[in-house]
Amino acid sequence: MSSPSPALTRTSVVIVGAGPAGLTVANLLRGAGVGCVVLEAESREFIERRPRAGFMEEWAVRALARHGLADRLLERAETQAEFEFRFGGERHVLRTAELSGSRHFVYPQPLLVTDLVAAYADASGGDVRFGVRDVRLHEVDGDRPAVTYADPVTGVRHLVECDFVAGCDGARGVSRAAIPDGRTVLTRYDHGVSWLALLAEAPPSADGVVFGIHESGLGAHMARSPEITRYYLQVAPGEQAGNWSHARVWDALHTRLAAAGARPLTEGPLAEKVVLDMHNYVVEPMAYGRLYLAGDSAHLVAPIAAKGLNLAINDALLLADALLAHYKKGDDRGLAGYSAACLRRVWQYLEFSQWLSEVLHGASSGDRFRAGTAAARLRRLLGSQSAAKAFAGLYIGEEADM
Ligand code: RFL
């Protein structure tokens, strides 16, 4: 129920969503003394536990560290220096750190979110409102936008007036929908496969990421912590997670990740078992009026190459820079160029994901042409130092702003 005169707040920037994108923008604005309010639909406990990403690229970690937001990450995260394909019963290791000069940091997303909330809300007293209901954006194409929401306990509607709205509310948020039809173009691409995403309560069974390419489908292994390992199994589109019993999952993982000289997989209970459709979308431009989209609200990248969180951080850094230039120097060039600057990296990462998807899924596609070209890509990658170097640079996200 709407209240006749909503409780009113005035701030500079309303940030919708307390994921990695929203919290990074919030910390950077607050650190520079620009007022903001973060509105988050879930509770703090929930977002600090929601399992998702784990791989962060070194440039993203270094950028957070420059703003004092990566102390715990640098203290606790493992780094990974190599990457492994398994097929035809053999292991093929690519030393990505040696080839690119950079590493992946393995830091579960809930820990990153916990750190960013603590830095913003606890250490610097930032305003974040959890559990808000029915968030709506108003007049984002005018000079005085506002965001309203209902208090989760009383139902009272609140109105927050602002100069800008940062739409950081992920793939299922409301910000993107505030842009009228025809003002942005949403492009979709479906890889035509699904992955069963698994979190096993078991220590990792290899040092780096392992992709097992097999004609029955892909199997993948990614370390998360000394106690938890993420596994993926390619499954038929539309498959139900319930069709995959504990025994069936481990059977398939053993088959698809088998290779001479590989450490045997350590099995464990499966704490998460969800089917993800491997699809992508991009919204262009990522801005409308005084609304700027950042992270998954603007682009979804299937987790094939572990890119989404890194893109969310890239957007957030660019958006915070652009907003700070506006407030501190009256310079709006960053805001005007925000979308184009983000999209350069977004399209590079989408292209890399599509390339990698073909390599990973070609063998099981049932299509001789795709299987043949995927095998050719693998031979080139493993047989040519320059191809391996280019791959490592894209995999770790260096020089991806082209
Ligand atoms: P998030 O993290 O979805 O945060 C959005 C926040 O907005 C809130 N929200 C709302 N708040 C207010 N009002 C509303 N109406 C709202 N609607 C939603 C939500 O509750 C949430 O708190 O988006 P953000 O910040 O853009 O971050 C994006 C990343 O979360 C995402 O790209 C990654 O998790 C993708 N991803 C990976 N990325 C990597 O870079 N490396 C990885 O290793 C990696 N692994 C993964 C992944 C995603 C996965 N899933 C679940 C699709 C592994 C998996 C399984």
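Hey, could you check the stretch 375-384 for residues that are in a helix (DSSP H, G or I) and free of Cβ contacts under 8 Å to residues at least 24 places away in the same chain and say which is nearest to Ser216 (Cα to Cα)?
Taking the stretch 375-384 first, the residues in a helix (DSSP H, G or I) are 375-383.
Now narrow it down to the ones that are free of Cβ contacts under 8 Å to residues at least 24 places away in the same chain: 375-377, 379-380, 383.
Numbers: Ala375: 15, Ala376: 19, Arg377: 19, Arg379: 20, Arg380: 23, Gly383: 25 Å.
Among those that are in a helix (DSSP H, G or I) and free of Cβ contacts under 8 Å to residues at least 24 places away in the same chain, it is Ala375.
What is the residue count in the stretch 286-310 for residues that are farther than 23 Å from His104 by Cα and in a strand (DSSP E or B)? Outline the logic, then answer.
Of the residues in the stretch 286-310, the ones farther than 23 Å from His104 by Cα are 286-293, 297-298.
After this cut, where a residue has to be in a strand (DSSP E or B) as well, the list is 287-288, 291-293.
Result for the stretch 286-310: 5.
From the list Val34, Val14, Val93, exactly one residue is β-branched (Val, Ile, Thr) and touching a helix residue (DSSP H, G or I) at 6+ places or on another chain (Cβ under 9 Å). Which is it?
On the way: Val14 fails: touching a helix residue (DSSP H, G or I) at 6+ places or on another chain (Cβ under 9 Å); Val93 fails: touching a helix residue (DSSP H, G or I) at 6+ places or on another chain (Cβ under 9 Å).
Every option except Val34 fails the conditions.
Given the structure, is Ala363 in a helix (DSSP H, G or I), among the hydrophobic types (A, V, I, L, M, F, W, C), closer than 22 Å to Phe85 by Cβ and in contact with a Gly (Cβ under 7 Å, 6 or more places away or on another chain)? Steps first, please.
Numbers: in a helix (DSSP H, G or I): yes; among the hydrophobic types (A, V, I, L, M, F, W, C): yes; closer than 22 Å to Phe85 by Cβ: yes; in contact with a Gly (Cβ under 7 Å, 6 or more places away or on another chain): no.
When the stated conditions are applied, Ala363 does not pass them.
Within the bounds of the stretch 324-331, is there any residue that is closer than 23 Å to Glu58 by Cβ, part of a helix (DSSP H, G or I) and assigned by TED's automatic domain parsing to the domain that holds Leu116? So that I can check it myself, show each step before the final result.
Filtering the stretch 324-331 for residues closer than 23 Å to Glu58 by Cβ gives none.
No; the residues of the stretch 324-331 include none that is closer than 23 Å to Glu58 by Cβ, part of a helix (DSSP H, G or I) and assigned by TED's automatic domain parsing to the domain that holds Leu116.
Examine the stretch 55-75 for a residue that is within 22 Å of Leu218 (Cα to Cα) and assigned by TED's automatic domain parsing to the domain that holds Asp127, and state whether such a residue exists. Explain how you work it out, then say what you get.
Of the stretch 55-75, the ones within 22 Å of Leu218 (Cα to Cα) are 55.
From what's left, assigned by TED's automatic domain parsing to the domain that holds Asp127: 55.
Yes, the conditions are met somewhere in the stretch 55-75.
Can you find, within the stretch 44-58, the residue that is farthest from the ligand (Cβ to nearest atom) among those that are touching a residue at least 12 places away in the same chain (Cβ under 8 Å) and of a type in the set (A, V, I, L, M, F, W, C)? Steps first, please.
From the stretch 44-58, those touching a residue at least 12 places away in the same chain (Cβ under 8 Å) are 44, 47-58; that's our starting set.
Checking the rest, the ones that are also of a type in the set (A, V, I, L, M, F, W, C) come to 47, 53, 55-56.
Details: Ile47: 5, Ala53: 3, Phe55: 4, Met56: 7 Å.
This residue is Met56.
What do you reckon, is Ala236 out of contact with any Lys or Arg (no Cβ under 9 Å at 6 or more places or on another chain), surrounded by fewer than 21 Cβ atoms within 10 Å (Cβ to Cβ) and modelled with pLDDT under 95? Break it down stepwise before answering.
On the way: out of contact with any Lys or Arg (no Cβ under 9 Å at 6 or more places or on another chain): yes; surrounded by fewer than 21 Cβ atoms within 10 Å (Cβ to Cβ): yes; modelled with pLDDT under 95: yes.
Answer is yes for this residue.
If you check Gly308, Gly289, which single one turns out to be modelled with pLDDT of 95 or more and more than 14 Å from the chain's Cα centre (by Cα)? Walk me through how you get there before you give the answer.
Working: Gly308 fails: more than 14 Å from the chain's Cα centre (by Cα).
Of the residues listed, the single one that is modelled with pLDDT of 95 or more and more than 14 Å from the chain's Cα centre (by Cα) is Gly289.
I'd like to know if the stretch 276-285 contains one or more residues that are part of a helix (DSSP H, G or I), in contact with a strand residue (DSSP E or B) (Cβ under 6 Å, 6 or more places away or on another chain), within 16 Å of the ligand (Cβ to nearest atom) and modelled with pLDDT of 95 or more. If you could, list the steps in order and put the result at the bottom.
Kept after step one, since they are part of a helix (DSSP H, G or I), are these residues of the stretch 276-285: none.
No.
If you check Ala63, Ala53, Ala26, which single one turns out to be part of a helix (DSSP H, G or I) and farther than 21 Å from Asp151 by Cβ? Lay out the reasoning, then the answer.
On the way: Ala53 fails: part of a helix (DSSP H, G or I); Ala26 fails: farther than 21 Å from Asp151 by Cβ.
Only one candidate qualifies: Ala63.
Of everything in the stretch 125-184, what is within 14 Å of the ligand (Cβ to nearest atom), more than 27 Å from Thr114 (Cβ to Cβ) and surrounded by fewer than 14 Cβ atoms within 10 Å (Cβ to Cβ)? Give them in sequence order.
If the condition is that a residue be within 14 Å of the ligand (Cβ to nearest atom), more than 27 Å from Thr114 (Cβ to Cβ) and surrounded by fewer than 14 Cβ atoms within 10 Å (Cβ to Cβ), then Ala177 is the only one that fits.
With respect to His221, is the statement that it is within 14 Å of the ligand (Cβ to nearest atom) and over 20 Å from Glu84 (Cα atoms) true? Spell out how you get there, then give the answer.
Details: within 14 Å of the ligand (Cβ to nearest atom): yes; over 20 Å from Glu84 (Cα atoms): no.
When the stated conditions are applied, His221 does not pass them.
Could you tell me whether any residue of the stretch 389-402 is of a type outside the set (Asp, Glu), more than 16 Å from the ligand (Cβ to nearest atom) and either without any contact (Cβ under 8 Å) to a residue 24 or more places away in the chain or crowded, with 23+ Cβ neighbours inside 10 Å (or both)? Steps first, answer last, please.
Looking only at the stretch 389-402, we keep the residues that are of a type outside the set (Asp, Glu), and these are 389-397, 400, 402.
This time we only want the ones that are more than 16 Å from the ligand (Cβ to nearest atom), so: 389-393, 402.
Within this subset, residues satisfying the condition of being either without any contact (Cβ under 8 Å) to a residue 24 or more places away in the chain or crowded, with 23+ Cβ neighbours inside 10 Å (or both) are 390-391.
Within the stretch 389-402, one or more residues are of a type outside the set (Asp, Glu), more than 16 Å from the ligand (Cβ to nearest atom) and either without any contact (Cβ under 8 Å) to a residue 24 or more places away in the chain or crowded, with 23+ Cβ neighbours inside 10 Å (or both).
The values are calculated or read from the model by the stated rules, or taken from the named source; none is laboratory data. Not measured: the values here are computed from a predicted model. Quick reminder, even Gly has a Cβ in these numbers, built from the backbone with ideal geometry, and neighbours come from all protein chains shown.
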